[in-house]
Amino acid sequence: MKDFIKVSLGIIIAFLLYTVLNKISPSLVLLFNVFSLVVIYFAVEKNEIFGACLGAFCGLIQDSFSLGVFGVAGLAKTIAGFTAGYIAKKIDVNPPLRSFVFIFLLISFEFILWALLYSFIFSGSINTGRGLIFFQPLGTALVGSFLFFFLRKFKRSEP
Amino acid sequence: MPLFLKERKSLLVLTALIFFQLILISTQVPLGYGQNYFEKAVFSFFSPIQHGILSLFRSIGNLWKNYFDLQNVQSQNQKMKDEMFFLRQENNLLRNALENLRSQKEIEESLLKLHENILAAQVIGFDASNFYKSATINKGSLDGLKKDMVVLDQNGSLVGRIIDPVALKESRVQLITDNESGVGVFSKKKEVMGILSGDGKGYCFLEYIHVTTEGIYEGEDIITSGKDGLFPSGIKVGKIVSITTGTSLFKQVKVEPYFDIRRLDHVAIIMKDPMEIF
């Protein structure tokens with residue numbers, strides 16, 4: 001029950017941030033992939049199955065707000081979530097610098113997967129937002145590593 | 001449970017999820033934009049949350065403005081903005097209607113009907129994969145919205161049309177900059193007809209303009225022709241920014257839409273074809 005509440009809260013916060021960023025400027029959504037951060041966080045905290053399921057769920061939410069084929073982002077996030085959970089089991093990704101590199105590589109992997117699926121299905125190129133989308137792994141990793149650092153510190157300080 | 005079985009379990013779950021999503025994707029591809037019930041359900045569940053979040057932020061912002069700003073000036077300004085919004089819509093449609101030379105009385109009656117058939121809405125979000133494809137607005141089927149209703153920006157320029165899914169209080173708008181959109185248009189001066197299609201990157205292309213076609217120039221206005229049976233005629237769409245001739249049979253006519261996605265906040269939805277009113 002506690003896990004369910006935590007995950008639900010994580011998704012709601014991600015959705016809130018996604019909505020606000022989208023409203024401020026649609027380009028900001030290209031720079032920060034908030035749903036992927038939620039997936040990576042819980043994949044690392046729990047396991048790869050949790051990461052895959054949450055990835056599927058968050059990806060389908062993102063797809064429902066997208067015109068086109070429903071399931072593209074879901075598929076990319078499922079694989080990314082599973083990979084995050086699997087790698088986190090093998091190596092310790094908690095130190096801030098390692099966390100940054102880990103998130104950066106995972107977001108890059110997810111982005112490449114999504115772009116390939118998109119190009120394959122739509123036979124066209126993605127909208128790069130004048131190159132802004134290529135900074136998504138960096139932007140998300142910077143925000144994510146800080147966030148994860150403070151969340152873990154907060155968790156350790158709990159009685 | 002032994003380790004190898006644990007690992008197999010996780011691979012089985014991953015395979016099942018991937019398989020489910022591949023089935024989901026493959027059932028849609030031949031149908032084009034036909035939304036399945038699952039997608040409609042997810043949109044109908046999450047779009048009110050998006051709507052609620054933005055309403056909350058707007059209320060907090062308005063609270064500050066209402067209590068710490070000059071209250072009378074604020075409400076007067078808002079009233080004038082609302083009036084101007086409808087006036088711009090009426091003005092653009094009226095210019096075309098007056099060409100029919102109706103009587104003053106008929107025009108006044110028609111204007112009243114027209115006012116009742118324009119619904120104002122706010123944009124609450126843009127497409128998650130490509131913001132030039134679609135937007136979500138805060139009006140839905142409970143407000144009388146249906147698929148294929150035309151959407152204009154606050155200056156009366158064409159933005160797109162309502163598409164599925166239409167939830168109770170939210171709906172999706174396909175923008176004219178989407179590469180799957182198609183609008184019947186013609187150039188204002190010589191009425192050269194064509195189909196306007198988006199490029200998915202903020203611009204549109206006027207297609208099927210044969211290389212031998214004359215009378216089409218850079219800087220010319222493009223308006224809807226009404227021949228596609230969807231968009232009423234006479235709505236401003238954009239301006240031609242470049243015309244190039246390559247090796248194909250048709251010219252490449254690039255059009256910059258008049259609506260600005262960065263300033264797309266309030267939109268107007270035409271509930272009834274103005275030509276039916278006029």
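No lab work stands behind these numbers, since they all come straight from the coordinates. As the structure is a computational prediction, the values presented were derived from the model and not from experiment. Cβ atoms come from the backbone with ideal geometry, glycine included; neighbour counts cover every protein chain shown.
Work out the P(r) tail for the stretch B:162-216: percent of alpha carbon pairs separated by more than 12 Å, whole number.
Counting pairs separated by more than 12 Å, the tail of P(r) holds 69 percent.
Mark the label point 7 Å from the Cα of A:Leu151 along Cα→Cβ and return the residues of the stretch A:101-138 whose backbone N is within less than 20 Å of it.
Inside the label zone: A:101-111, A:136-138.
Can you give the log10 of the normalised intensity I(q)/I(0) at q = 0.24 Å⁻¹, computed with Debye over equal Cα scatterers of the stretch A:97-152?
Those come out to -0.90, one per q.
Return one number: the angle in degrees, 0 to 90 and rounded to the nearest 10, between the long axis of the Cα atoms of helix A:2-24 and the longest principal axis of the Cα atoms of chain A.
For A:2-24 against chain A, the angle is about 40 degrees.
Calculate the spin-label point distance for A:Leu97 paired with B:Arg8, positioning each point 7 Å from the Cα along the beta-carbon direction, and give it in nanometres.
4.2 nm
Counting only other chains, and only Cβ atoms inside 10 Å, what mean value do you get across the residues of B:119-127?
For this peptide, the per-residue mean of nearby foreign Cβ atoms is 3.
In what order do B:Glu170, B:Glu214, B:Glu191 fall by count of nearby beta-carbon atoms within 10 Å, going from fewest to most? Don't skip to the end; give the middle numbers.
Values: B:Glu170 27, B:Glu214 8, B:Glu191 11.
So the residues, fewest neighbours to most, are B:Glu214, B:Glu191, B:Glu170.
Please give the direction-averaged projected area of the C-alpha convex hull for the stretch B:169-278, in square nanometres with one decimal. Present the calculation step by step, with values, prior to reporting the outcome.
Details: hull surface 32.1 nm².
It is 8.0 nm².
So what's the angle, to the nearest 10 degrees on a 0 to 90 scale, between helix A:72-90 and the longest Cα principal axis of chain A?
Taking Cα atoms only, the helix is inclined about 30 degrees.
Quick one: compute a quarter of the convex hull surface over the Cα atoms of the stretch A:33-103 and quote it in nm². List each step's numbers first, then the result.
Details: hull surface 17.0 nm².
Its Cα hull, projected and averaged over all orientations, spans 4.3 nm².
Which three extents, in whole angstrom, do the alpha-carbon atoms of the stretch B:137-178 cover along their principal axes, largest first?
Reported extents, whole Å, longest axis first: 26, 20, 13.
Between helix A:34-45 and chain A, what is the angle of the helix's C-alpha long axis to the longest principal axis, kept within 0 to 90° and rounded to the nearest 10?
For helix A:34-45, the angle is close to 40 degrees.
Checking the table B:Lys79/B:Lys272; B:Lys81/B:Lys236; B:Lys201/B:Lys272; A:Lys77/B:Lys139; B:Lys79/B:Lys254; A:Lys77/B:Lys40 against a 27 Å threshold on Cα-Cα, which pairs fail?
Too far apart for the 27 Å limit: B:Lys201/B:Lys272; A:Lys77/B:Lys139; B:Lys79/B:Lys254.
Counting only helical runs of four or more DSSP H residues, what would the 222 nm mean residue ellipticity of the protein assembly as shown come to if each run contributes -39,500 (n - 2.57) and the total is spread over all its residues?
-18000 deg cm²/dmol
Please give the direction-averaged projected area of the C-alpha convex hull for the protein assembly as shown, in square nanometres with one decimal.
Working: hull surface 105.9 nm².
Average of the hull's projected areas for the protein assembly as shown equals 26.5 nm².
What translational diffusion coefficient, in µm²/s and rounded to a whole number, does the Stokes-Einstein relation yield for the stretch A:1-138 at 4 °C and a viscosity of 1.567 mPa s, taking the hydrodynamic radius as the Kirkwood radius over Cα pairs?
This corresponds to a translational diffusion coefficient of 86 µm²/s.
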